[in-house]
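Notes to accompany the following structure.
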Amino acid sequence: MVAALALDGVSKRYGAFQAVNDLSFQVQPGSIFGFLGPNGAGKTTTLRMVLGLVEPTAGKIDVLGAADARKVRDRIGFLPEERGLYKRMTPVEAVVFFAGLKGVSSAVAKKRGIAMLEAQGLGEAMRKPMKSLSKGMSQKVQIITALAHEPELVILDEPFSGLDPVNQQSLETLIRDLAKRGATVVFSTHVMSHAERLCERVVLMAKGKKAFDGTVDEARAAAPRRLVLEGAASDEDIRALPGVEALTTDEAGVRTASLTRGAAAHDTMRAAFERGLAFSRFEVREPSLHDAFIVWTGGAA
Amino acid sequence: MGRLLRIAAREYFSYLKTPGFWLSLLIAPVAGAIGGYGPILADRSAPTRTMTIADLTTTRSGPAVAAVIRARADPHAVRLTPLPTEITSETTPEQANVALKSYVAGDKLLPDGKRLDAAVVLTGSADALHADLWTREIGDRTLVGLVREAGSAVMRSQHLAAAGIDPNTLATIDSLKPDVREFSPKAATGRVSLKDRLPTFAAFGLAFTLWFMVLTGAGILLNSVIEEKSNRVLEVLLSSASVPEILGGKILGVAGLAATVLAVWATAGLIALFHFAPPGLPADLGAALMSKGLLIEFALYFVFGYLMYASIFVAVGAFCETPREAQTLVGPMMLVLAIPMIFLSSAIKRPDTPLLEWLSWVPPFTPFLMTARAASGPPLWEVVGTLAMMAATSAAVVWLAGRAFRAGALSTAKFDIPAFFRGMVSAGR
């Protein structure tokens, strides 16, 4: 299958500053792809290179089969990190204008725009000027303007920032629906939980370099499982259990044991019972993508 | 092309909806009416000034001075009134000055209950008149001029009469004027008439129009891009259309706005011309505009000049989030734009001076000065040469501005001139 997006050895340098360094990854069509990393990791620069807004210093980018995204810009939907629309325009006018730039006729764009705005609960606001809308409403309108031309590739730069939990949830649903209709979704975020829920594959970025490229499960597998323990057993007894690599104790006296990579939690639990160790709490905690990120980047941010 | 036109249409209609557009549409006709009729209305509405003359001359020249004032002054402006009775031929000049000062100050009123606005104390003789003028309107030089003119006429008559010239002969001499006829090889019939001067006036008008359109259009473009930059719209625009489409669309949209304003003003001007101008003048003016390729040259210089200035202002706007940030470059640009205005009247009166010929080859001034000089028929090589230079310059500026625009649109740094020129080189890439 031809990748919807493929980067090969892409670098971007601004003077002495290396914003992106030798980045390669592929995004399969119809998938939801997470591009993760802290602020300043090179995510926005990479997305701008993908869109053809910024030229790479080195490397090759292939977008929807084209070597230059500007040739297929009508098939791409983009939500920038810094968002905004014309303040005097109404949401319907904004959708018609931006979809029009992507080659959709005004009549079709208006019809689609009204349907999408109503579906997002903006029916009453859609004929009011943008400046009278709340920030959340404006962000929804902007997302709709990026999608009204039914793009094959949707690039969302930090789409969840500034949204309240309810709207974050509804955006997650929207992203899943986009993938269901066959669109490829690439989104950047520094909040790992969204990627954890949505993505099949992720790239973890740190200081302009790729730290990890693979599935969410593969990423998490690199991080240690943890056991949260409460009870009378001594620290020495816990450290002596099979698989336990390290032990920490928090202010409340709750101890957390990190397991070595590949260690099975039930082996540790069985050994604890066999040795008669007393625990009132024995909780296995799976590693999160955030834990994985720390491991993959060595704590770099 | 579709994207360019969509961006142009948005630019055009978004500004059309603003109160600022309608204000700018009305401002010129209203300012013209105020400028033309304001002073006349102010004069008409002002009450007629009352003035009196205390004749303390040895030759009793007061009536003669009064007669000249009556003959030459606008009756709406000045009305001569009799002296207050307390001043007689026995009053000394010092006493007259003191008495009349109190009338002019409003401490005393005339017998009819009105205030005296000005007073003249005439002393000396017809050979050497001396006048002290009392007035409340220090800023207005009309009365002092009138008194000086009347006194001068009386003294001149006195001297000529003393030399044996009788008043009738003097009146005849004064009315003598030579019949001067003006000829020029550039005039259609050889003899210069208003019709021959019309192309010069038309060229001046077109040069001023061009200047106005550039100034207005550049201002609108600058603010429009600054608004898009501060509203974070530019990055979405860049992902939806190419830089030439965005730049072209914006420049075309604002040119449409300026053209709309101009069309409305031209229509208002034509209506005024047909109502108030002498018959035949509108047709002569039309012929003047069509003559000597004026309109064609204007159109070409307009396209190149507008493109050049508009591109620069769009590029500057892409770096700025507030108009204040833009001031570092806009200020010098405005100074550059002011220079051709200084030379515009010289370009009409003496279009072939070496300085003007030289300035006509400086691209920021070329469109204005060459349009103004067009009526005088500059050499063809100069017209073709400056047009070719403008075509090359505006193409280069549009290209560089496009690169700067891209760099500015994606930049979050504050605007400064080095960043602007670095943007031209790197194009943000």
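Quick grid of which residues meet (1) within 14 Å of chain A (Cβ to nearest Cβ); (2) exposed (fewer than 14 other Cβ atoms within 10 Å of the Cβ); (3) farther than 26 Å from B:Val397 by Cα:
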{"position": "B:Glu245", "(1), (2), (3)": "yes, no, no"}
{"position": "B:Val264", "(1), (2), (3)": "no, no, yes"}
{"position": "B:Ala268", "(1), (2), (3)": "no, no, yes"}
{"position": "B:Phe276", "(1), (2), (3)": "no, yes, yes"}
{"position": "B:Leu281", "(1), (2), (3)": "no, no, yes"}
{"position": "B:Asp284", "(1), (2), (3)": "no, no, yes"}
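Screening the range B:18-60 for residues that are among the polar types (S, T, N, Q) and either away from every other protein chain (no Cβ under 14 Å) or closer than 30 Å to B:Arg141 by Cα (or both) and picking the one that is surrounded by the most Cβ atoms within 10 Å (Cβ to Cβ) gives B:Thr52. Of all the listed residues (B:Ala161, B:Ala150, B:Ala171), the sole one being surrounded by 15 or more Cβ atoms within 10 Å (Cβ to Cβ) and either assigned to a helix (DSSP H, G or I) or touching a residue at least 60 places away in the same chain (Cβ under 8 Å) (or both) is B:Ala150.
For the condition in contact with a Leu (Cβ under 8 Å, 6 or more places away or on another chain) and farther than 20 Å from A:Arg285 by Cα, A:Ile175 qualifies. How many of the residues making up the range A:47-71 are outside any loop (DSSP other than H, G, I, E, B), crowded, with 17+ Cβ neighbours inside 10 Å and free of Cβ contacts under 8 Å to residues at least 12 places away in the same chain? Summing the residues that are outside any loop (DSSP other than H, G, I, E, B), crowded, with 17+ Cβ neighbours inside 10 Å and free of Cβ contacts under 8 Å to residues at least 12 places away in the same chain in the range A:47-71 gives 1.
The condition of being under 28 Å from the mean Cα position of the chain (by Cα) and either more than 14 Å from chain B (Cβ to nearest Cβ) or among the polar types (S, T, N, Q) (or both) holds for only one of A:Leu117, A:Leu85, A:Leu133, A:Leu79, that being A:Leu117. Of the numbered criteria (1) within 14 Å of chain A (Cβ to nearest Cβ); (2) of a type in the set (Ser, Thr, Tyr); (3) more than 25 Å from B:Phe212 (Cβ to Cβ), the one B:Tyr15 fails is (3). Exactly one residue among A:Val154, A:Val141, A:Val203, A:Val191 is surrounded by 18 or more Cβ atoms within 10 Å (Cβ to Cβ), within 11 Å of the chain's Cα centre (by Cα) and not basic (Lys, Arg), and that residue is A:Val203. Could we say that A:Arg73 is of a type in the set (Lys, Arg) and either facing chain B (nearest Cβ under 10 Å) or under 23 Å from B:Arg232 (Cβ atoms) (or both) here? Judged against the criteria, A:Arg73 is a match. Pairing each residue of the range B:217-229 that is at the interface with chain A (Cβ under 10 Å from one of its Cβ atoms) and part of a helix (DSSP H, G or I) with any residue that is buried (at least 23 other Cβ atoms within 10 Å of the Cβ) and of a type in the set (Phe, Trp, Tyr), provided the two are 6+ apart or on different chains, yields C-beta distances under 9 Å for B:Lys229/B:Phe319. Considering the range A:264-279, and only residues there that are within 38 Å of the chain's Cα centre (by Cα) and in a helix (DSSP H, G or I), the residue that is modelled with the lowest pLDDT turns out to be A:Ala265.
The values are calculated or read from the model by the stated rules, or taken from the named source; none is laboratory data. The model shown is predicted, which means the values in this text are computed figures rather than measured ones. Glycine also receives a Cβ, built like all others from the backbone with ideal geometry; neighbour counts cover every protein chain displayed.
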